[in-house]
Structures are given as structure tokens and as C-alpha cells.
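Novice: I'd like to ask some things about the structure below.
The values are calculated or read from the model by the stated rules, or taken from the named source; none is laboratory data. A quick note: this is a predicted structure, and the numbers were derived from the prediction, not measured. Here the Cβ positions follow ideal geometry from the backbone for every residue, glycine too, while neighbour counts run over all protein chains shown. Areas reflect the complete protein model, heavy atoms only, side chains present, ligands, DNA and RNA absent. Shrake-Rupley method; radii C 1.70, N 1.55, O 1.52, S 1.80 Å.
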Amino acid sequence: MKHVDEYRDPAAARRLVEKIRALRGRPVRIMEICGTHTMAVFRHGIRSLLPDRISLISGPGCPVCVTSQQDIDRCVEVAGIPGIITATFGDLMRVPGTRSTLSGEKARGADVRVVYGPLEAVEHARSHPSRKVVFLGVGFETTAPTVAAALLTARREGLDNFMVLSMHKLLPPAMDALLSQGELGIDGFLCPGHVSTIIGEAPYRSISRQYGVPCVIAGFEPVDLLHAVYRLLLRIDGETGGVENCYSRGVAPHGNPGALEMMRSVFRPEDACWRGLGTITSGGLGFCEPFRDRNALEVLKIQVEEAVEPKGCACGEVIRGMKTPPECPLFRKSCTPVNPVGPCMVSGEGTCAAYFRYHGDGTEETVG
């Protein structure tokens with residue numbers, strides 16, 4: 001398959017590994033901030049191919065994982081309102097809230113429906129004009145434009161029964177928060193391909209300038225990742241900083257202006273609470289004034305008590321890169337994919353799920 005097979009070529013991967021190992025420099029800490037990158041790193045055994053001086057750290061790249069406990073409680077509260085149709089992505093169904101999960105509410109009779117996109121939720125509103133439909137909006141800049149498109153469609157069609165509980169997050173402010181806290185000593189970022197298709201290169205440039213930390217936008221195949229690591233090491237070892245786009249087949253320098261315009265017509269940046277990182281200035285998306293009537297939080301007057309993280313769960317520290325999943329006392333004991341305690345074990349992009357799947361016996365698949 002063109003633009004895929006060549007990025008899975010074992011010979012090309014081996015050549016890149018040799019080039020990486022030939023570089024000599026100080027120990028470095030590289031953070032990937034994309035859940036799909038985290039899974040790809042484990043699936044292809046990328047860590048096992050790198051020299052000891054390189055530490056790959058998984059960061060806050062899973063949108064379900066960084067959704068705060070209080071927001072999960074709000075989702076459960078919405079589902080419990082009689083007559084409401086709650087539409088959600090599947091990853092949210094089993095994330096534990098303080099008192100229940102969306103799956104638990106569905107088992108008790110709540111009308112919770114898994115959808116593959118927000119326009120499917122609009123179709124539910126179209127098919128049930130007498131009932132309110134609430135879409136649970138979770139995701140980064142990749143997802144927000146599609147939710148904006150759904151809201152614009154509902155408004156154009158006069159579907160006043162369609163609303164969104166917006167829990168969307170903006171990734172560059174989280175990168176800024178991680179660097180400003182200075183806990184990790186991050187030397188470079190592998191930037192997310194999916195988010196970058198929307199926002200382009202510019203947001204990373206301001207972060208790199210401010211902190212002197214280089215950023216490389218990476219694709220998702222093994223050769224993509226190894227090439228991005230190599231280019232990032234050249235920038236770190238040479239102390240050149242800056243931003244490089246190693247995923248130009250998917251990411252344009254200015255991103256997707258049409259998607260950005262659509263997102264900004266519906267949403268505006270606002271402070272948001274991230275699991276593990278706390279409240280981040282302009283770290284989320286609220287509604288622009290013309291769409292306040294679509295804000296499920298306000299329209300349905302959703303109120304929940306202050307949430308407390310599950311006892312013993314280290315998801316917050318895993319999300320910030322302070323701990324690896326095996327350092328959590330619950331990992332593979334009381335917390336498993338069948339009985340998850342925290343969201344990092346639930347989501348298909350969660351770091352704990354990746355460790356559980358690919359590190360159970362200390363082995364990983366490799367690129368050949």
C-alpha cells in the first residue's frame with residue numbers, strides 16, 4: 001500500500017537504528033504526546049531498538065485518560081437523566097466515575113449509545129425530535145472540528161434537541177504546562193501527527209522558542225517513528241531547538257485552515273481541568289456565545305460534587321510521565337483491562353493498556 005508499506009520496511013528501520021546508535025551524546029528524555037504513538041512504540045518494539053541513553057516517556061496524549069474525574073462524573077450524571085439519549089465514543093463507556101460508569105448506567109436502563117462520530121449523534125436527534133440528545137465531546141484538536149461540524153449541522157436543520165457536553169482539550173497548552181513545571185527534564189517532543197494535521201507547525205514553534213526544546217512531528221509507522229527520533233536527536237545533540245515536520249505527507253505547515261475556522265466558529269479556548277495536570281490556562285474548549293444554548297452543562301444544569309481520584313491509582317502521574325504503569329501498586333493486580341480502576345487502563349490509547357498488552361512478559365513485537 002503506497003505511503004504505508006515503505007514506512008514498514010524492516011531494512012529501512014534497521015538503517016535508521018544504526019544511524020541512531022552511531023550518534024554520541026548525553027542521556028536524553030523524549031516524550032511522545034500522542035496515544036497512537038504510545039501504542040505504536042510498544043507494538044513495534046521501538047524502545048528495545050534504541051540505545052540506553054534514550055528514554056522514551058509517554059505523556060498526556062490520550063484524550064480519554066486526561067478527562068478529569070469530575071468530567072467523568074458529569075457524563076454519568078447526564079446519562080442518568082430520564083429521557084436523555086447519551087451518545088458517546090466507546091472508550092468512555094467503562095471509565096470509572098466516582099459512583100458509576102456509563103456502562104453501569106446503561107445496565108440500569110439509561111439510553112446510552114456508542115457512536116462512531118458526532119454526526120451519528122445528530123442522526124439520533126433527527127430521528128427522536130421529542131428527546132434531547134447529548135453528545136459527550138472528548139478529544140483534542142483532531143476531534144473538535146468534527147463536533148463543531150455536527151453542531152453547525154444541527155443548527156442549520158433546526159435540531160434544537162442536540163447538545164454537547166464539551167470536554168475537549170488543546171494539546172499545546174499541556175506541553176507548555178509540562179515544561180513550566182520542570183519535573184521531568186524533557187529534552188524533546190515527538191509531536192502528534194493527528195493533532196498536527198489540524199493545527200500545523202506554528203503552535204510548537206512558540207513552545208520551542210520559549211523553552212529551547214525541539215519538537216518533531218511524527219507519523220505512526222515504525223520507520224516514521226525511528227526517523228523522527230533520529231531527527232530529534234540531531235536537534236537535541238546539536239542544541240538547535242526548533243520544529244521539524246517529519247510527517248509532511250499528512251501535515252501541512254499551516255495545518256487545516258478550514259477545520260480550524262469551523263472549530264473557532266463554535267468553540268473558544270477556556271481554562272480546563274486535566275487529569276494529572278490540574279487546571280491548564282486555555283487548555284480546553286468552551287462554547288462561543290451563539291452556541292451557548294447547545295452547552296449541555298448549562299442547559300441541563302449538571303452539577304456534581306468535587307471528585308476524588310481512585311485510591312491508589314497512579315494515572316495522574318503516568319499521564320505526566322512521572323511514573324510508568326508497573327510503578328503503580330494497582331497495575332496488573334486490582335487494575336486490569338477487565339476491571340480497570342483508572343482511565344489509562346481503559347482507553348485503547350492509554351499507557352497502562354499499552355504496558356499491559358505489550359509488556360506483560362517483558363517482550364514486545366519488533367519491526368523485523
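Novice: Accessible area of the chain with a 1.4 Å probe: how many percent of it is carbon plus sulfur? Could the numbers behind the result be given before it?
Specialist: Values: 7920 of 15530 Å².
Of the solvent-accessible surface of the chain, carbon and sulfur hold 51 percent.
Novice: According to a simple spin-label model (label point 7 Å from Cα along Cα-to-Cβ), what is the distance in nm between E261 and T98?
Specialist: Going from the T98 label point to the E261 one covers 4.3 nm.
Novice: Test of understanding: express the Cα radius of gyration of the chain as a ratio to 2.2 N^0.38 Å, with N the residue count.
Specialist: Working: Rg = 20.7 Å, N = 368, 2.2 N^0.38 = 20.8 Å.
Taking the Cα Rg and dividing by 2.2 N^0.38 Å, one obtains 1.00.
Novice: For L119 and A252, compute 0.36 nm times the residue count separating them, minus their Cα-Cα distance, and round to one decimal in nm. Working shown, then result.
Specialist: On the way: separation 133, 0.36 × 133 = 47.88 nm, distance 2.58 nm.
Using 0.36 nm per residue and subtracting the Cα-Cα distance, I get 45.3 nm.
Novice: May I ask which of K169/K333; K106/K323; K311/K333; K106/K311 have a Cα-Cα span longer than 23 Å here? Please list the in-between numbers first.
Specialist: Working: K169/K333 31 Å; K106/K323 34 Å; K311/K333 14 Å; K106/K311 25 Å.
Among K169/K333; K106/K323; K311/K333; K106/K311, the Cα-Cα distance tops 23 Å for K169/K333; K106/K323; K106/K311.
Novice: Which FRET efficiency value, to the nearest 0.05, is calculated for N339 and Q210 with the Förster distance at 51 angstrom and r the Cβ-Cβ distance? Don't skip to the answer; put the middle values down first.
Specialist: Numbers: r = 42 Å, r/R0 = 0.83.
After rounding to 0.05, the efficiency reads 0.75.
Novice: Starting from the stretch 319-361, pick out the trypsin sites (Lys or Arg not before Pro) whose DSSP state is loop and whose Cβ has at most 14 other Cβ atoms within 10 Å.
Specialist: K333
Novice: Size of the stretch 185-257 along its principal axes in angstrom, Cα-based, largest extent first?
Specialist: 30, 27, 17
Novice: I'd like the accessible area for D187: 1.4 Å probe, protein heavy atoms, all chains in place, Å² to the nearest 10.
Specialist: It works out to around 30 Å².
Novice: I need the Debye-formula profile for the stretch 62-109: one equal scatterer per C-alpha, no solvent, reported as log10 I(q)/I(0) at q = 0.13, 0.23, 0.24, 0.25 1/Å, two decimals.
Specialist: Debye output, listed in q order: -0.25, -0.78, -0.84, -0.91.
Novice: Kirkwood hydrodynamic radius, computed over distinct alpha-carbon pairs, for the stretch 51-197: how many Å, to one decimal? Before the final figure, lay out the partial values.
Specialist: Details: mean 1/r = 0.0595 Å⁻¹.
It is 16.8 Å.
Novice: Now, a different point. Extending each Cα 7 Å along its Cβ direction at H128 and R26, get the distance between those two points in nm, one decimal.
Specialist: The answer from the label model is 5.8 nm.
Novice: For the stretch 37-187, with every protein chain kept in place, what is the accessible area per residue (1.4 Å probe, Å²)?
Specialist: Details: 5140 Å² over 151 residues.
About 34 Å² of surface per residue is accessible.
Novice: Take every DSSP beta bridge whose two residues both sit in the chain, then give the antiparallel share in percent to the nearest 5. Each step should come with its number before you reach the end.
Specialist: Values: 9 of 37 bridges.
Of those bridges, close to 25 percent are antiparallel.
Novice: Let me ask you something else. Tell me, what is the percent relative contact order of the chain, built from C-alpha pairs under 8 Å that lie six or more residues apart? Kindly include the intermediate steps, with their values, before the conclusion.
Specialist: Details: 701 pairs, mean separation 85.1, N = 368.
Reported relative contact order: 23 percent.
Novice: Quote the convex hull volume per residue of the stretch 148-210, based on C-alpha atoms, as a whole number of Å³.
Specialist: Numbers: hull volume 7.1 nm³, N = 63.
In the stretch 148-210, the Cα hull volume divided by residue count equals 112 Å³.
Novice: Send over a whole-number figure in Å² for the accessible area per residue of the stretch 220-368, probe 1.4 Å. All intermediate terms of the calculation are to be shown ahead of the outcome.
Specialist: Working: 7250 Å² over 149 residues.
It amounts to 49 Å² per residue over the stretch 220-368.
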